[in-house]
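Nothing in this text is a laboratory measurement; each read-out follows from the coordinates by a stated rule. What you are looking at is a predicted structure, and each value in this text was computed from that prediction instead of being measured. For neighbour counting, all protein chains shown are included, and Cβ atoms are generated from backbone atoms with ideal geometry for every residue, glycine included.
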Amino acid sequence: MSIKLSALALGITLAYGATAAMAADNATIYQTGWYNDASVEQTSNLSAVAMINQSGFGNDGVVVQEKVQNGNARIDQNGSFGTATISQGGAWGDGHWVYFYGHKRWVDGTWSNGVNQTASINQTGGWSNDAWVTQTGSNVEASITQGGARNVAGIVQAGTGGQDIASITQMGYRNDAYIDQSGSNLKGNIYQSGVRQEAVILQTGANKTATITQASGYGNMAYINQQ
């Protein structure tokens, strides 16, 4: 994401984040062309929906949802050299001073997690696309679908309860897929069709299931580590 867009997003957060009302929000951005930037930020929400649709070359899409219950984020990109990033989870609250039996004590902020989060990224065609999903919370689900060559997809989930599901599908050649899950009731799945594909699933916690399917081709690499 460009420096200009990052600064704008930060300014919006500082201006309105502290007074955001718990409500249902829906945000959609459509862009066509080259080197476009799109960003959606949703905070402290009971039901948030975000959608970014970009068609062209070198586009950048970012969705951030924090302290959201029933969050749904999606990015669709059609082209090459695109970057799609979804971050769903909590936010570190501000610390504060309290008086305890006449003494002033500092209390650290706490981490507020998201609940029931769903994220999906679809990058069709093209090459050299990047897709990343990061989720922290309870009952999280993420999926990434890519077609083409030399694409990279990654899902990182830190579960705090419920079930965590991560799925990556890639078709083409020389694609990389990466899933990292921690928590309990983990399900990770990678499906690749093509040649010289690489797939990695790392799971830490309890009740883990990991599946890698490389349907055709040659020179593929698959690795699963469960702890």
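Between residue 216 and residue 103, the simple label model (points 7 Å from Cα in the Cβ direction) yields a spacing of 7.1 nm. Residues whose amide H falls under 5 Å from that of residue 36, counting only those 5 or more places apart or on a different chain, are 59, 60, with hydrogens built in the peptide plane.
Amide H to amide H, with H built 1.01 Å from N, residue 220 comes under 5 Å of 196, 197, counting only residues 5 or more places away or on other chains.
For residue 187, the aspartates and glutamates whose Cα falls under 12 Å of its own Cα, not counting residues fewer than eight places away in the same chain, are 141, 164.
Counting only other residues whose beta carbon sits under 12 Å from that of residue 122, what net charge do I get with K and R as +1, D and E as -1? Counting the neighbours of residue 122, the net charge comes to 0.
In sequence order, the range 33-44 has phi-based couplings of x, 10, 6, 8, 10, 9, 9, 10, 10, 10, 9, 6 Hz under the Karplus curve 6.51 cos²θ - 1.76 cosθ + 1.60, θ = phi - 60°, and Gly or Pro positions carry x.
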